[in-house]
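Notes follow the structure.
The values are calculated or read from the model by the stated rules, or taken from the named source; none is laboratory data. From a predicted model like this one, the values you see are computed outputs, not experimental measurements. All Cβ positions, even for glycine, are placed from backbone atoms using ideal geometry, and neighbour counts span all protein chains on display.
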Amino acid sequence: MDQMRLMIALVLSFVVFLGWNYFFGQEAKLPPASPPQQAAKPETIQAPALAVAAKPAAEGTAAVVGTGKPARRLTVETPLYTVGLSEKGAVINSFVLKDYHEGVEKDSPLLNLFPIDGSVGSLDVGIKGIPGLANAVYQAGVADERISLTQGTREIVFNLKLANGLQVEKVYRFSADSYVMGFDVRVYNGSEQPVSEGLAIALREAYPGKRNSNIFEGPSALINNSLETIEISDIAKKNTLTGKIVWVALQSRYFMTGLIPLKEGDASLRLAELPGNVVEARYESPELVLAPDSRQSFEYLLFFGPKSMNAVMPAGHQLEKVVDFGMFDILAKPCLWLLNYIHGVVPNYGVAIIILTVFSKIILWPLGTKSYKSMSQMKKLQPLIQEIRDKYKNDRKKMNEEVMRLHKTYSINPVGGCLPMILQIPVFFALYRMLDQAIELRHAHFLWWINDLSAPDRLFHFDFSIPFMDPPFGIPVLTLVMGATMFWQQKMSPPAGDPAQAKMMLLMPVVFTFIFINFSAGLVLYWLVNNVLSIAQQSYIQKKYA
C-alpha cells in the first residue's frame, strides 16, 4: 500500500509539472503527403472591358497600371472590432478587439492582434502566374477612409489592374455582430493567352520571443478531419502539410486568426518563421489554368478574434476544434460550458470556479468516500503492520506474507484507496487544462488583489526578484494557502512504513507549492478548494469509521 501510494503521488507530480507537455502537449502529426488533384477547369464568364489595353507584360513581371496616388489606409469600425486595411497589398495590418485590453488595468489600451506599427500584414495573396503582387498597390472602391458599421454587413473591394490585361480583386465583407468575415479573391484574365494560376494566401502573426511552454501557440489546421498543431520551434522540420484542408489558423493562448476555404479540397499548407518573431502559414490551392477572357473566384471565410466557443461556433466548418484542451477535451468542454452557465447566474468567475469545484466533488463523492474509507481502515492497521515490520525486518519475504495475511484477516484491500484516486484523475486534469486555457478567465476579477484569474496571484509587488518566481514578484497568498492544505491533507493520510518514503510524502506539499507558484490564480483556486473539500470529506469518513 505504501509503495502504491508513493507511486501515485510521484506520477501525479510528474504529470502536473515535468510531464505535462509530453502527455498533454499538442504534438503535430503530419498527414501523408499526396499531390493535390488537378482542379476542374473554371467556368468561362464574359468580363467587362478594362480601361487598359490587353498588352502582355515581360516575362516574370507584373506591371501595374498606376494611378499616381499613394497607398491609402482604410479603417472599418464595428461594435466588436476596428480593422485596418492597407491598399498596399490589400492586407489587414491592424485588428483591434474592443472587448479585450492589453493588460488588466482599466486604462490599458485595447488589444491589437498585430503590431501597432502595421509592419505585419495578413492575407497577402500570391498567384503563381501573376508574379509581383506582394508590393502592388490596389485601389479600394470606397471614397471614405474610415467606415463605421453598426448593423448589417459591408463589402469593400480592392482592385488591381495589370498592364497585360489581368485583373485581381480582393473582396472583404464585414459583419457588425460577428468576428466571422467574408474574403474573396477574383482573377480576370483579359489577355489573349491562358494563365496558369496557383493561389497562395498567407496568414502572418507576430509572437513574443518568450512563450509559455505549457500552452500551444503557433500554426494549426484541420486536415483530413485531424487537428494538426505545430509548435513554433518545430516549424523548421515540419514546414509542409498536404491534404483536405478545412481551415488554417495561427493561434496564441487566447486569440487566433483563421482562414476557411468554402470549397474544401486538397491543398498545401507551408509554414515559415520570418524575421522579427513572425510566423507565416501559407495556404496554397491546386494550380489551374484560367482561359482568356474568363474569371475565377476563390471564396473564403475569415475569423480574427477570441478563442471562445461562442465566438467560433458561427463560423461553422468545425472551427470549434481550435478550442482544444488536449487528451481530456471531451470532459473539459462540458466543464467550460458549466462554468459559463454558472457565471451567467453568479457574475464572478472566481465564485463560478468554486461552485464548479464543489459540483465536481459531489459527482466524485462516492469514489472519494471509498478511497478515504480504505485509508481509514489502513490507518488503524498501521500499529500491527509496524510490529510485523519490526519482527521480520531481516526477512522481507516473510514480512510481506504476514502483511498480506493481516490484510486478508481484516478484509482490507491494500489498493482499495488507490483505485478511486486513479479514476478521478481524468476529471482533475480536464478541469486543470480548461482553467489554464479558457479565455473567459483572462483579466477576470475575483476579489481584493486577485484581479486576473489567468495570471499568478501576487499580493503586493516587490522591486526585487524572488527565486523560482516569475515576475511580477509578490506574495503568492493562494499558493501558500494551497500548500498548507496539502500538508494538512498529507498528515491525515496513513503514514508510510518506510521512513524515507514518509519524508518524501511530507516533502510533496513543498514541491507542489513551488510548482504552483507561477500557475494562474484560477488553477490554484480550483486546487485549493478541491483540497479543502477533500479534507472535509476525509475528516467525516475518519470520524464515521473510527
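Mind listing just one residue for me: the one in region 202-259 that is surrounded by 15 or more Cβ atoms within 10 Å (Cβ to Cβ) and of a type in the set (Lys, Arg) and, of those, modelled with the lowest pLDDT? Ranking the qualifying residues of region 202-259, first place goes to Arg211. Within region 194-216, identify whether any single residue is free of Cβ contacts under 8 Å to residues at least 24 places away in the same chain and either assigned by TED's automatic domain parsing to the domain that holds Met256 or under 19 Å from Ser94 (Cα atoms) (or both), and answer yes or no. The answer is yes, given that some residue of region 194-216 is free of Cβ contacts under 8 Å to residues at least 24 places away in the same chain and either assigned by TED's automatic domain parsing to the domain that holds Met256 or under 19 Å from Ser94 (Cα atoms) (or both). The number of residues in region 436-470 being surrounded by 15 or more Cβ atoms within 10 Å (Cβ to Cβ) and closer than 18 Å to Ile354 by Cα comes to 19.
Residues checked against (1) outside any loop (DSSP other than H, G, I, E, B); (2) in contact with a Lys or Arg (Cβ under 7 Å, 6 or more places away or on another chain); (3) touching a residue at least 12 places away in the same chain (Cβ under 8 Å); (4) among the hydroxyl-bearing types (Ser, Thr, Tyr):
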{"residue": "Glu320", "(1), (2), (3), (4)": "yes, no, no, no"}
{"residue": "Ile354", "(1), (2), (3), (4)": "yes, no, yes, no"}
{"residue": "Ser360", "(1), (2), (3), (4)": "yes, no, yes, yes"}
{"residue": "Ser374", "(1), (2), (3), (4)": "yes, no, yes, yes"}
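Applying the set (1) assigned to a strand (DSSP E or B); (2) among the β-branched types (Val, Ile, Thr); (3) crowded, with 18+ Cβ neighbours inside 10 Å to Val157 leaves exactly one unmet item: (3). If you take the residues of region 111-123 that are out of contact with any Asp or Glu (no Cβ under 9 Å at 6 or more places or on another chain) and buried (at least 19 other Cβ atoms within 10 Å of the Cβ), which of them is farthest from Asn189 (Cα to Cα)? It comes out as Gly121. Among the residues of region 254-292, those that are in a loop (DSSP other than H, G, I, E, B) and closer than 30 Å to Asp117 by Cβ comprise Tyr254, Pro275, Gly276, Asn277. Can you find a residue that is at pLDDT 90 or above and over 25 Å from Leu290 (Cα atoms) anywhere in region 127-137? No, every residue in region 127-137 fails to be at pLDDT 90 or above and over 25 Å from Leu290 (Cα atoms). Of the listed requirements (1) in contact with a helix residue (DSSP H, G or I) (Cβ under 9 Å, 6 or more places away or on another chain); (2) among the charged types (D, E, K, R); (3) modelled with pLDDT under 80, Glu387 misses just one: (1).
Condition check ((1) over 25 Å from Phe216 (Cα atoms); (2) aromatic (Phe, Trp, Tyr); (3) out of contact with any helix residue (DSSP H, G or I) (no Cβ under 9 Å at 6 or more places or on another chain)) across all residues:
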{"site": "Asp293", "(1), (2), (3)": "yes, no, yes"}
{"site": "Pro306", "(1), (2), (3)": "no, no, no"}
{"site": "Asp324", "(1), (2), (3)": "no, no, no"}
{"site": "Ile355", "(1), (2), (3)": "yes, no, no"}
{"site": "Trp365", "(1), (2), (3)": "yes, yes, no"}
{"site": "Thr369", "(1), (2), (3)": "yes, no, no"}
{"site": "Tyr372", "(1), (2), (3)": "yes, yes, no"}
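Would it be correct to say that Gln296 is touching a residue at least 12 places away in the same chain (Cβ under 8 Å) and crowded, with 20+ Cβ neighbours inside 10 Å? Yes. The strands (runs of 3 or more DSSP E) located wholly in region 91-133 that include 2 or more residues which are not aliphatic (A, V, I, L, M) occupy 91-101, 124-127.
Just one of the listed residues (Leu222, Leu199) is of a type in the set (A, V, I, L, M) and touching a helix residue (DSSP H, G or I) at 6+ places or on another chain (Cβ under 9 Å), and it is Leu222.
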